[in-house]
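S.K.: Once you've had a glance at the structure underneath, I'll fire off some questions.
The values are calculated or read from the model by the stated rules, or taken from the named source; none is laboratory data. The model shown is predicted, which means the values in this text are computed figures rather than measured ones. In this analysis, Cβ positions are derived from the backbone assuming ideal geometry, glycine residues included, and neighbour counts consider all displayed protein chains.
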Amino acid sequence: MRRAERATAVLAFLADHYSDATCELVFKNPWELLVATVLSAQCTDVRVNQVTPGLFARWPDAAS
């Protein structure tokens, strides 16, 4: 099976078995999702959701 065929098979499997999956992280844009994902590797999603509003209020984007 070629790489593209394997990828298609994996995506089909995930869609069939996890169609109702949702992200527990709260985010408004890709920047916030990236930061929240990095933080979630260090603690729980619940804690990330508690601290990110203040974090993004102070530093709303990558430039800041």
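S.K.: Condition first: in contact with a helix residue (DSSP H, G or I) (Cβ under 8 Å, 6 or more places away or on another chain) and more than 30 Å from PRO60 (Cα to Cα). Can you find one or more residues in the stretch 15-26 that meet it?
M.R.: No.
S.K.: Now for a separate question. Out of the residues in the stretch 9-64 meeting the condition of being among the charged types (D, E, K, R) and in a helix (DSSP H, G or I), tell me which one is surrounded by the most Cβ atoms within 10 Å (Cβ to Cβ). Show your work before the answer.
M.R.: So the first thing to find is which residues in the stretch 9-64 are among the charged types (D, E, K, R), and the list is 16, 20, 24, 28, 32, 45, 47, 58, 61.
Still in the list and also in a helix (DSSP H, G or I): 16, 32, 45, 47, 58.
Numbers: ASP16: 8, GLU32: 18, ASP45: 15, ARG47: 12, ARG58: 8.
Filtering the stretch 9-64 for residues that are among the charged types (D, E, K, R) and in a helix (DSSP H, G or I), the one surrounded by the most Cβ atoms within 10 Å (Cβ to Cβ) comes out as GLU32.
S.K.: What residue, among those in the stretch 41-64 that are charged (D, E, K, R) and over 12 Å from LEU25 (Cα atoms), is modelled with the highest pLDDT?
M.R.: First pass over the stretch 41-64, keeping only residues charged (D, E, K, R): 45, 47, 58, 61.
If we keep only those that are over 12 Å from LEU25 (Cα atoms) as well, we get 58, 61.
Working: ARG58: 96, ASP61: 92.
Among them, the one singled out is ARG58.
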